[in-house]
Amino acid sequence: MGSNPQQGGSSTGIPTACVCVTGEYTGDGTTDQGIDTGVSGQVKYVMVIQKTASSSADIQFYETTDTMVDDNVSGIAVRGGASTFNKQTQVNTIIAMGADGIFHVDDNGSDNVPNKNGEVYNYVAFVEVSA
């Protein structure tokens, strides 16, 4: 029986599982802030959502996978908005997903989402761990 890393197995044949982690962080306005999920393992998927208390705010979200983020040297994510349902790819947002349970966000060089200084974000991450 073979194992396919893209379908949740590992190339070593050791079974793996993903842990779903949720949390929040505050943007620091830099081009590289590491967000520690608190779980040691390869970050496989991340969705970052602007946090708001308003019921009418047009929030943005960004999501990517560990394979998709490497499609561009600047990292790449899919961006969506609450009011437009319009999704597009965007570089310099989620820029790296580490094997240490840490993913990295960027302010796109202009103090912007998803790392705008002082702005709070929620995230959902799936981190691969050994079973």
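The values are calculated or read from the model by the stated rules, or taken from the named source; none is laboratory data. The model shown is predicted, which means the values in this text are computed figures rather than measured ones. In this analysis, Cβ positions are derived from the backbone assuming ideal geometry, glycine residues included, and neighbour counts consider all displayed protein chains.
What the table below lists for this structure:
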item: Set Thr89, Thr52, Thr64, Thr84: member being at pLDDT 85 or above and either farther than 15 Å from Phe126 by Cα or in a strand (DSSP E or B) (or both); result: Thr64
item: Residues of region 25-49 satisfying the condition of being of a type in the set (Gly, Ala, Ser) and assigned to a loop (DSSP other than H, G, I, E, B); result: Gly27, Gly29, Gly38, Ser40, Gly41
item: Search result, residues across region 93-112 that are part of a loop (DSSP other than H, G, I, E, B), more than 16 Å from Thr31 (Cβ to Cβ) and in contact with a strand residue (DSSP E or B) (Cβ under 7 Å, 6 or more places away or on another chain); result: Gly98, Ala99, Gly101
item: Test: residue in region 18-39 that is modelled with pLDDT under 95, over 17 Å from Asp111 (Cα atoms) and among the small types (Gly, Ala, Ser); result: no
item: Identity of the residue in region 85-131, among the hydroxyl-bearing types (Ser, Thr, Tyr) and buried (at least 21 other Cβ atoms within 10 Å of the Cβ), that ends up nearest to the chain's Cα centre (by Cα); result: Tyr123
item: Any hit, region 2-17, residues being modelled with pLDDT of 95 or more, in contact with a Gly (Cβ under 8 Å, 6 or more places away or on another chain), in a strand (DSSP E or B) and more than 23 Å from Ser110 (Cβ to Cβ); result: no
item: In region 116-125, the residues that are in contact with a Phe, Trp or Tyr (Cβ under 8 Å, 6 or more places away or on another chain) and either under 11 Å from Tyr62 (Cβ atoms) or at pLDDT below 95 (or both); result: Val120, Tyr121, Tyr123
